[in-house]
Each structure stands twice: as structure tokens, then as C-alpha cells.
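What follows is a set of notes on a single structure, which appears directly below.
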Amino acid sequence: MKWTISAYSKLPGNPTGHVPFLERELQTYLVTHDYQLPYNSKQIISEAKVQYEYVITNRQYVMEIEIHSSTWKPFVNREYPQIVVLIEDFFKLSSNYWYYLETLTPTESEAIELLGRTIEPLMIKERIDQVDLTIPPIVPHIEVIGIYYNQQTDIYSGTSVHYKDVTDFWISYIAWISNGQVEQNNLALLQNATYFNSFFYGSCIPVPLTEVAGKIVEIQHFVKDFDPNAIKGCLLMRKDWYDNVYLFDLGSKYIVHNWWTGE
């Protein structure tokens, strides 16, 4: 199994040179948390003697740490081992050097490799950093606000007439929409944050259209000019059990399908 934790490097200079510094700092951090790192190897051994291997790569200032294990056994409601959480915390605690972006499960990494991404967390962060907070984004068009009965489904849309691209539309969504309510959210919180909260601002996980066939049928019912054949891609933006948000890109039209519950 493979998990990927990524962060944007704030260090100056050639990003390739950031990898040795990251590795030294990470090794020191893990040793202080009772992990063993055999000398001159890429192994990590937990107190429970579970063995992991790591690989650090640089992707244009984005540092990716891949954790591999063939012996870790999943627990109920646990997507990844404790070492992955520790590395997330390492980046968050070292925010002077790194800006934590995301953690990908094996299934999510496979989906990205197969389907590709039209939006990534860093793209959202960089775009929001450019937003003039004195000029509110255009409010997404409400296609339908569902009737709440233990759960609710809402659908919103926008077009290339009002938004530069699908990223621009998504930012307008997170700036205005909260559980069926149109109320302005404070984008300054993300501009000033020390790490990216992908569970709210966008996980950006591509999904095959076969997995969202039911949602496409719902959208067809409420959006008159919706053409399923025009869908270029679909991203799962929020994946909490109580808040699922899917973003559909149709080129000149963008649609958000939001299922949520307050139970």
C-alpha cells in the first residue's frame, strides 16, 4: 500500500536541494516519536515493528513523501497508519518551511494516475491568494435547494460567461455556500492559514462518471440545459460522510452537486 503526503516548499533556491534538508528534518522528527530508521536505508520501523519504506520527490517546489508498507493492517475507520498522520503534523508544525497540502490514500493516488486532475489543492491556494477580498466573487446560480429530511441535496451552477474557469467557479462556491445557505465565507482565513484544509477547500479527487451516474440523473432532472455528454470530468471536492460535494466540469458550464446531512 502507498500513501502520499505533500507540501509546498517555502525555502528559497533550487527545489531539488530542498529534499536532503527535508529528509534530515523528517528523520529527526520520527526518531523523537520512537520510530527506528536503520542507518543508510529508506526504512522506518514503528514500535509495533511494522516496517515502512519512504521515498521523497520534488515536483516543482511540491515535496511528496510516499510511505509504502506491505505489512500494515487497516483498522475500522482508519484510512492510513499513524506514521502518515505524524508526517502531516510534521509539515504543519514546520510551517515556516513547508505548506502542507494533502494526503492521498492508495485508491485516490490510483484515480489521479488514471484520470488526471483539472484542479489541485495548490492551484486553489494560489488562486485564492490573488483574490481581492474587497470584491466578493459572483454568487453561484442556485439550480435547486432540496427539502431537508435527515439529508438534503443542493445543486449550483455557473458558466464561462461569469467565471474564468472551473477553479474560479469553485472558489465562488466556497466563498458563498454553506449547507444550503448563501452566506459569505471569509476567504482571508485561507489566505492566512499555515496549511491547506482540503476537507473544506477541496480534495480534488477525480472520479469516473460511472460512480456518479445517480448524481448525473439528479442534475438532469433539475438543470434544463445540462448535457451529460459534455462532461469533461468530475472531482470529489468534499468527502466527509456528512458532506459530499462533487464538481462537474462541462467546459463552458460548471455544476456542483452537494449532498449533506446535519444528523
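Strands (runs of 3 or more DSSP E) wholly in segment 195-263 with at least 2 residues that are in contact with a Pro (Cβ under 8 Å, 6 or more places away or on another chain) - which ones?
Correct list: 233-240.
Being crowded, with 19+ Cβ neighbours inside 10 Å, farther than 27 Å from Lys92 by Cα and not acidic (Asp, Glu) narrows it down to one residue among Lys253, Lys232, Lys164; which is it?
Only one candidate passes the filter, namely Lys253.
Report yes if Lys215 is out of contact with any helix residue (DSSP H, G or I) (no Cβ under 6 Å at 6 or more places or on another chain) and within 30 Å of Asp89 (Cβ to Cβ), otherwise no.
Values: out of contact with any helix residue (DSSP H, G or I) (no Cβ under 6 Å at 6 or more places or on another chain): yes; within 30 Å of Asp89 (Cβ to Cβ): no.
For Lys215, the condition - out of contact with any helix residue (DSSP H, G or I) (no Cβ under 6 Å at 6 or more places or on another chain) and within 30 Å of Asp89 (Cβ to Cβ) - is not met.
Pairs, please: C-beta under 8 Å, at least 6 apart or cross-chain, first residue in a loop (DSSP other than H, G, I, E, B) and in segment 102-113, second at pLDDT below 95?
These pairs meet every condition: Thr105/Glu79; Thr105/Tyr80.
Okay, residues lined up against (1) in contact (Cβ under 8 Å) with a residue 40 or more places away in the chain; (2) in a loop (DSSP other than H, G, I, E, B); (3) more than 24 Å from Thr16 (Cα to Cα); (4) within 19 Å of the chain's Cα centre (by Cα):
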site: Glu53; (1), (2), (3), (4): no, no, no, no
site: Glu66; (1), (2), (3), (4): yes, no, no, yes
site: Ser70; (1), (2), (3), (4): yes, yes, yes, no
site: Pro74; (1), (2), (3), (4): no, yes, yes, no
site: Arg78; (1), (2), (3), (4): no, yes, yes, yes
site: Leu86; (1), (2), (3), (4): yes, no, no, yes
site: Met123; (1), (2), (3), (4): yes, no, no, yes
site: Val131; (1), (2), (3), (4): yes, yes, yes, no
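So which of Ile171, Ile147, Ile142, Ile177 is free of Cβ contacts under 8 Å to residues at least 24 places away in the same chain, under 23 Å from Trp260 (Cβ atoms) and either over 23 Å from the mean Cα position of the chain (by Cα) or crowded, with 16+ Cβ neighbours inside 10 Å (or both)?
The unique qualifying residue is Ile147.
For segment 21-40, indicate whether the set of residues that are at pLDDT 90 or above and within 30 Å of Trp241 (Cβ to Cβ) is non-empty.
yes
Return yes when His162 is part of a strand (DSSP E or B) and at pLDDT 95 or above and no when it is not.
Here the answer is no, as His162 does not meet what is asked.
The values are calculated or read from the model by the stated rules, or taken from the named source; none is laboratory data. These figures come from a predicted structure and were not determined experimentally. Because the Cβ atoms are built from the backbone with ideal geometry, glycine has one as well, and the counts that use them run over all protein chains shown.
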